Amino acid sequence: PVRERVTALAVDPDDSDTLYMAVRKEQVTSLLLSSNRGRSWQKLGETSDGAMKLYVDLRSPLQDRTLYVIGARSVRRRENERWSQGESPEPGRDLVEMSLGFDARGEPPTVYAISQAHLYVSEDGGNTWRDAPLPGDTPELIAVATCLNYPESASLLSKVEDRGRNLFRRDEDRG
């Protein structure tokens, strides 16, 4: 039997009755909306890139929220009831992780993405990317995070093989 699996869930911070959910079935992820605490769901769209995280843009109208869907390779955005897909920083390859933060000045969100050896930064909500070289030898990157409301700062966690421990790095200027 084919099973569905929830891969991401978000609650609208201004309306706790409104939920967004990503459900994967085989190779397709459906993006769903509930405005009644999950009693019923409406399909908003699909993606073949998966959905690891969902972000709700609080700057958008409550009745038609802008959503950012973090997939395995790129960011998909729903704005004004239309979907758009950003490019991938490493076309054809899955990324380790991505993290998104909203700029207080109203600029598009900043997204940080990592592969095993590279940090990428998008300052337009995941539409385009730039490589953000790290100083010195780059061990295997295993996690990235940014503050939801202060995207100027990102934190990286990397594995240091020869020392048997992990290394924490912080970037304060968007890569």
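Just so you know, all these numbers are worked out from the coordinates, no wet-lab data involved. These numbers were taken from a predicted model, which means no experiment stands behind them. Here the Cβ is made from the backbone with ideal geometry for all residues, glycine too, and neighbour counts use every protein chain on show.
Tabulated data
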| read-out | value |
| --- | --- |
| Among 31, 62, 54: highest mean-square fluctuation, GNM of the chain, C-alpha pairs under 10 Å | 62 |
| The range 6-58 - convex hull of the alpha-carbon atoms, volume per residue in Å³ | 70 |
| The range 8-106: radius of gyration and largest Cα-Cα distance (Dmax), Å | 13.3, 40 |
| Contour excess over end-to-end distance, with Cα ends at residue 62 and residue 96 and 0.36 nm allotted per residue | 9.1 nm |
| Computed FRET value (nearest 0.05) for residue 14 with residue 85, which takes r as the C-beta separation and R₀ as 25 Å | 0.40 |
| Reachable lysines, given that their alpha-carbon falls under 18 Å from the alpha-carbon of residue 43 and they are not under 8 places away in the same chain | 25, 53 |
| Net length gained if the chain between residue 115 and residue 36 were fully extended (0.36 nm per residue, minus Cα distance) | 24.7 nm |
| Loop trypsin sites (Lys or Arg not before Pro), the range 1-47, which have at most 16 other Cβ atoms in a 10 Å radius of their Cβ (DSSP) | 3, 37, 39 |
| Ellipsoid semi-axes in whole angstrom, largest first, where each is sqrt(5λ) of the Cα gyration tensor of the chain | 29, 19, 14 |
| Percent of Cα pairs exceeding the 16 Å cut-off, where the set is the range 59-126 | 47 |
| Sites excluded, GluC sites (Glu not before Pro) in DSSP loops with at most 15 other C-beta within 10 Å, longest stretch of the chain | 88-171 |
